[in-house]
Amino acid sequence: MSDQRTFDRRAFGTLAGSLAGALAATAVAGPALAQTQGSGGAATGPSRATAAGGQPFADLIQDHRQISQMLQKMATLTDSQERQRDVKQLKTLLTAHAVAEENALYPALQTIADSEEEAQEAYEEHALMKVHLFEVEMAAMTGEDWEGKVKQLTRTITEHVEEEESEIFPRMQKQLEASQLQMIEQQVQMNKQMVG
Ligand SMILES: [Fe+2]
Ligand SMILES: [Fe+2]
C-alpha cells in the first residue's frame, strides 16, 4: 500500500525530461518564467517552490474563474457580432488553458499512483469540451440554439472544473514534491505562451 501511494519519480523524471526539455535546464539559471506568480527570488532552485500559493494550481483556478465569467456573459448576448467576438476570446483562453493542462499537468497526474484513469478521463473531458465549443462557435454564426449550446458548454466545463478543483489539484498538491510542482508551473506558463 505505501508503495502504491508512492510517486514514481523515475517515471516523472523521464516524462519531465521529455516535456520540459531546455526549460527545465534554464530553471536553474533563473528564467523569466520562474518569476511569474510572484515567486521572485525563488528562481534560484527548484526545491524552493514551496507554499507560494499552490502553484501551479492558483493560476489554473484563476483561469477557471475567468472562463466561468465569460460563459455567463455570453449567455446573455443577442447580437451575432458580439457572440462571435466573445467566442473567439473564450476560445483563446480555453485553448491556452487546455494545452497547458494536457501538456504539463495531466502527464504528471498520470504518474501518480492510482491516477492513470483520472488523467485519461480528463483528456476525454477536454475532447468533449472542444466539441461543445465548436458547436457554440457554429451557433454564433447561424444563430441557431445559441442559449442551448452555451448552456451545454457551460455544463461540460463546470463539471470538469469541479473535478479538477476538488480531486485532481488537491491530489497532485499532496503527492508531488515542491520542486516537481515548480517545474510543472514553468511548463504550464510555457505552454500558455506558445498558444497565447
Ligand atoms: Fe482541464
Ligand atoms: Fe482546468
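Quick notes on this structure:
- Per residue, the convex hull spanned by the alpha carbons of the stretch 70-195 comes to 93 Å³.
- Binned Cα-Cα distances of the stretch 55-97, short to long, each 10 Å bin given as a whole percent: 28, 49, 19, 4
- Residue order for SER68, SER115, fewest other beta carbons within 10 angstrom first, comes to SER68, SER115.
- Fully extending the segment from LYS151 to GLN120, taken as 0.36 nm per residue of separation minus the present Cα-Cα distance, adds 8.7 nm.
- For the stretch 114-158: rounded, prolate or oblate by the Cα gyration tensor [a/c cutoff 1.5]: prolate
- Counting all C-alpha pairs of the stretch 121-186, share separated by more than 14 Å (%): 66 percent
- Reachable lysines from LYS130, criterion Cα separation under 20 angstrom, eight or more residues apart if same chain: LYS73, LYS88, LYS91, LYS149, LYS151, LYS192
- Förster-model FRET efficiency, 35 Å R0, GLU102 and GLN81, C-beta, rounded to 0.05: 0.65
- Relative exposure of THR158, THR78, judged by other C-beta atoms within 10 Å (fewest first): THR78, THR158
- Ascending count of other beta-carbon atoms within 10 Å, so fewest first, for ASP114, ASP59: ASP114, ASP59
Coordinate-derived values only; no laboratory data. Quick caveat: nothing in here was measured; it's all calculated off a predicted structure. Every residue, glycine as well, gets a Cβ built from its backbone with ideal geometry; the counts of neighbours run over all protein chains shown.
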